[in-house]
Every structure is written in C-alpha cells, then in structure tokens.
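Enquirer: Below is the structure I would like to discuss, written out as structure tokens.
Coordinate-derived values only; no laboratory data. What you see is a predicted model; the values in this text were computed from it and never measured. No Cβ is skipped: glycine too gets one built from the backbone with ideal geometry, and neighbour counts run over all protein chains shown.
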Amino acid sequence: AYEVARQFLFEEAGEGTSDRTLSYGVSTQAWSRLWQICVPPKVKVLIWRVLLNILPTRERLRSKGIQGDVGVCGLCGAREETLHHVLLDCSFTALIWQNSPLQTEWRDHDTRDLNGWLEHILMGGDRHKTELLFMLIWNLWNERNTVVWTAKRRSPCEVVDGAVRLLQEFKEHQPTMLQPLSRAQAKWQKPPLGAIKINVDGALHVQTGSGGGGIMARDSAGCFVAARACRFSHVSSLEHAEILALRAAILFSHDLGPGPKIIEGDAQGVIQTVQTAHEDRSILSFLFSDCKFLLSQLENTSIQFAFREANRVAHRLARLAITLPGTLTWLQDPPDAVCDVLVEDIL
Ligand SMILES: [Zn+2]
C-alpha cells in the first residue's frame, strides 16, 4: 500500500498542480465536500474508493496478476472492465443514466477523466443531484457484483428505482438533515383548482407472484372522488407491478372523464421511462409503450413523480389489492382501509 501511495504522490507532483499534490487526484476541497454529502456511509466509502481507483475491477485484478475471468465487463460483457468503462462508457450504465432523473445532466462536463468529472460534480453545488448520482453509482457497482457473482440481473429501471428508494429511506431516518423544502415536497399536495389528482402505486407479493395496483382520485380540496384496487397475477417484479398499476391508472383517468388530471406515483424509474421518448428495451417494453400510447390519447392527463410519503393512500390500496379476487372500484365513499390517511393528507 505504501508503494501505491508513493506512486500516486509522485505522479501528482509530476503534474505540478499545487492543490492536487497531496490529495490523490482531486482537490482537498472536493474531498471535504464528499464527506458532507448526505448519503449512507457505505456510499461515501465507495466513491472514495472510486477516486483512489482501488475498486477490484477485472482490469485491475488482471493487472495485479490475480487469475480469474478474462477482463471483460460484467455488465455488458463487451469491453474491458475498467472503472471508467463501468461508470461512464458501458452500454448498461448509459441506460441507468437515461432512466434516472438526472438523464443527460451528467454529460455536461468532460467525462474523459473520471476523477475530474467526479470533482466537477462534487464542486458543482447541487447537493440533491450529487446525492442521487452517488447513490446510482453505488447501485451500479452493486449490480455489477450481483451479475458477476450470482449471474442475476435487474433491468436499468429496477436499478434506478433501487437507488432512489435507498436514498429516500436513508433520508427518512435522518430527520435533522432534512431541509424544510424536501419535507414539504414529501407531503401530499392538492391539485390545482378544477383538476383531479390520481395517486397510483404498485405492490408485489413475491411468493405468489400476485401484484396489486392502488389508485386514488382526489379533487383540489383533497376530497375523495373515486378509487380502484386491481389485483394482477403472474407478476414478475415490483417494476412489473408498478407499470401495470400505472397503466390501470391511465385507464382510470380516462374513465373519469375529460377534465384536467394529474397522475402521481412514487416509482421514479417507471414514471421517468413513460415520460421520456427514449425507447425502453427491457422485457416490459410493450407495457411501457402501451402506457405511452394510452397517455398520448388523453389530452388532459399529465404524469408526475411524488415521494413515497406523498403517496401513502395509493400504497395502502396497492397492498390491499393483492388480497382481492379481481378489481374493485369505489365511487360513493372511500375504502375504509385508507380513510385515516385521506384525512392526514389534508391536515
Ligand atoms: Zn460494460
């Protein structure tokens, strides 16, 4: 380890940039920023290892003479697995970035130099985006390990959803770190006057392959308009349940007539995919295309992401839906199971 460190120092000194000399490729300011970012410690440690280029990529293992697989990328199987490739060039990684809320923003800076790119992001100032990006990198590396060691694969949307959920869960348990603004965003918001908001969520019972979709429509006063709970069978993943639920919500929006409607869900990856023109290549692509088509037929229906805390009614209805024999619709009174949350949402 001493030899490696010495080599680093030597190389950096050779470049002659004074603020970089003692800090392994990024400025000391960037290092201190890293420890201030509000992500789980394991994520910070991973970024720290990325900056030091000490992650055991296949290229690195090979260069150190450790026998193993040929140095091919675990995610795409097409290129040599360098850190730069996994985080920036890999075709799988490109799908992660495209399906994430960051979309193409990560490209704003020159990406030829991995550390320079990360330093640019750390110093860029937008903490929320930095947090999400680091979370995505952690999930990406995790996915790479899962593929390498167990050969199990997730779709890009599932990896993005996983990152978003982990970050949310982490923040839920960090009350002192939450800004008032994100608290406000996390609460259910009434739609504008005259509009109806339709909250939707999907749920999965893994053992039986049963999925549930929960849909709740409320007006601009926060009052109950209608609700639906749908049970889906042969559901393969949570993402599958989420897209089925979203499709059901779009159809429900159609049933509610022509007025302006906002569909809101917390499955960020799924919503992002339906919102963008980008062609989804997962096994669920036909469902995504169907949602896009149905949505394009509804003039007055838009779709948006909300934090999980703002989507509690739909979440509970989705759990309930798993236990149903089919689809249930409520038009007169809201389902008993969600009355408490309906009230809490407008307090
Ligand atoms: Zn690759």
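Enquirer: Please give the net charge around T146, taking every other residue with its beta carbon less than 14 angstrom from that of T146, where Lys and Arg add +1 and Asp and Glu add -1.
Expert: Once positives and negatives cancel, what remains is +2.
Enquirer: Still on this model: Starting from the Cα of K292, draw a straight line to each of the lysines and keep only those under 24 Å, dropping any in the same chain fewer than 8 residues away.
Expert: Leaving aside lysines fewer than 8 places away in the same chain, those within reach of K292 are K197, K261.
Enquirer: For region 273-347, what number results from the quotient of the Cα radius of gyration and 2.2 N^0.38 Å?
Expert: In units of the globular-protein estimate, region 273-347 measures up at 1.39.
Enquirer: Can you tell me which lysines have their Cα less than 16 Å from the Cα of K129? Leave out same-chain residues fewer than eight positions away.
Expert: K44, K171
Enquirer: Still on this structure, I have one more. Calculate the tail of P(r) for region 190-346: the fraction of all Cα-Cα distances greater than 28 Å, expressed in %.
Expert: 12
Enquirer: Using a Förster distance of 22 Å, how high is the FRET efficiency between K152 and F286, based on the Cβ-Cβ distance and rounded to 0.05?
Expert: The computed FRET efficiency comes out at 0.45.
Enquirer: Can you put E81, E158, E242 in order, fewest other beta carbons within 10 Å first?
Expert: Ordered from fewest to most neighbouring Cβ atoms within 10 Å, E81, E158, E242 come out as E158, E81, E242.
Enquirer: R0 = 22 Å: FRET efficiency of K42 with K129, Cβ-based, nearest 0.05?
Expert: For K42 and K129, the calculated efficiency is 0.65.
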